[in-house]
Amino acid sequence: MVTIFKELLEKYKCGNLSLLEKKEFSSMLKSGLYEKELEEAIDTDWNTDLKNLSDPETLELIYQQILISKDKIAKVVPIKKVNPFRWKVAAAILIITLGGGTYFFFNKSHTHQIADTKNILNDIKAPASNKAMITLGNGKQILLDSAADGTLATEKDVNIIKQGDGQIVYKGSASEVSYNTLTNPRGSKVINLTLADGSKVWLNAESSLKYPTAFIGNERKVEITGEAYFKIAHNPAMPFKVKKDEAEITVLGTHFNVNAYTDEVDMKVTLLEGSVRITKTNNVQMLLPGQQASINENKITLNKNVDLEQVMAWKNGRFQFEGANIKEVMREISRWYNVEVVYEGKPDEQHFRGGVSRDVEASKVFKMLETTGAVHFKIEGNKIVVMP
């Protein structure tokens, strides 16, 4: 069967698969039994132009097979697009066109050959664990990565529980309010929290959320710094409010993302489902699904054409840059890897488009950015030097 798979793979590269062979090839890809052969093909220098590829479904299957071994291959979306349905593999780079988008896959062994030796020896790994901390109403702090699963504490008859998957859940009701703060530092994986009303919150690195252990009265209010994604439990009698300084987001039940890092120019609220009302001083703006509000000082600007995939990339384990400049890119990278960033010379005005998994080492991200030729990097301990 291995021989048959290789023959079909070669035919596919040349665009010579019959309809029956396509079905057989798809079935073999779905089986997940040919990962080794597929990786060997990636390591081979394929210099063939494939002009007749119009089968994105089969390409998607290959894509899924490649991602099985994450420690060997990192998914990267290129900075520049190529013509759709053309596939070249050279120097261990496999280009696959999927649904109009093009993806690069960098083989780990070959990356080591072309990368700077000093950079690899001092490479910076992605966060391997969550380093979040809960500060209770009495000031006691609970470090979540070292805390055992189960009930962490009880405040005002509300149990704070750490589940086996690392999620934090508040269960119970109380007649008296006590406030907790969940802090997720730089260099930490995303943390998932379920509030007492059933609402869910995901916190990005270098972010925090202040919230009551139970919601009492006619509203549910929390305060945020950094970035969070909210999935709010519906309760028309008790609107949910997210506050950041003088800006306030009011919802009944919805899914939305808030990016409120202090080092970013604007606070951005992006709505995925439902509706929200944003208030800043005397300005009020309603959002519909797929829209984003940018809040700067007392001005609220509405963007009706938002790339939701890019907005939600952090929650889905990816960096995704769509027109970001190098300083915007490096701010996101510095939070995730917990590194210091310094610049040698004036950064180029290049705007970057592309993405890569957040699970890869920092050098893999830099290799992607360097393909533009507009920027280069050095890793010096926990410091990243950005050079023209």
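The values are calculated or read from the model by the stated rules, or taken from the named source; none is laboratory data. Quick caveat: nothing in here was measured; it's all calculated off a predicted structure. Every residue, glycine among them, receives a Cβ derived from its backbone with ideal geometry; neighbour counts consider all protein chains shown. Remember, those area values only see protein heavy atoms, side chains included, never the ligands or the DNA or RNA. Shrake-Rupley method; radii C 1.70, N 1.55, O 1.52, S 1.80 Å.
Being within 18 Å of Val251 (Cα to Cα) and touching a residue at least 24 places away in the same chain (Cβ under 8 Å) is the filter; apply it to region 263-273 and report the residue that is farthest from the chain's Cα centre (by Cα). Even if it seems obvious, please write down each step before you answer.
Within region 263-273, the subset within 18 Å of Val251 (Cα to Cα) is 267-273.
Within this subset, residues satisfying the condition of being touching a residue at least 24 places away in the same chain (Cβ under 8 Å) are 267-270, 272.
Working: Met267: 18, Lys268: 16, Val269: 17, Thr270: 15, Leu272: 16 Å.
In this case the residue turns out to be Met267.
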Original post:
Scanning region 168-186 for residues that are among the hydrophobic types (A, V, I, L, M, F, W, C) and either modelled with pLDDT under 95 or more than 23 Å from Ser146 (Cβ to Cβ) (or both), which turns out least open to solvent (accessible area, probe 1.4 Å)?
Top reply: Ala174
Subject >> Count of residues meeting criterion [under 16 Å from Met133 (Cα atoms) and without any contact (Cβ under 8 Å) to a residue 40 or more places away in the chain] in region 188-206 >> reply: 5
Original post:
Of all the residues that make up region 332-349, how many are buried (at least 16 other Cβ atoms within 10 Å of the Cβ) and at pLDDT below 90?
Top reply: 1
Original post:
Has region 359-374 got at least one residue that is of a type in the set (Gly, Ala, Ser), surrounded by fewer than 20 Cβ atoms within 10 Å (Cβ to Cβ) and modelled with pLDDT under 85?
Top reply: yes
Original post:
Restricting attention to region 336-388, and to residues there that are closer than 27 Å to Asn184 by Cα and among the small types (Gly, Ala, Ser), which single residue is farthest from the chain's Cα centre (by Cα)?
Top reply: Gly381
Original post:
For region 276-321, which residues satisfy the criterion of being surrounded by fewer than 17 Cβ atoms within 10 Å (Cβ to Cβ) and under 12 Å from the mean Cα position of the chain (by Cα)?
Top reply: Leu308, Glu309, Lys315, Asn316, Gly317
**OP:** Could you list, in sequence order, all residues of region 251-263 that are surrounded by fewer than 19 Cβ atoms within 10 Å (Cβ to Cβ) and either aliphatic (A, V, I, L, M) or more than 24 Å from Lys200 (Cβ to Cβ) (or both)?
**Re:** Leu252, Thr262, Asp263
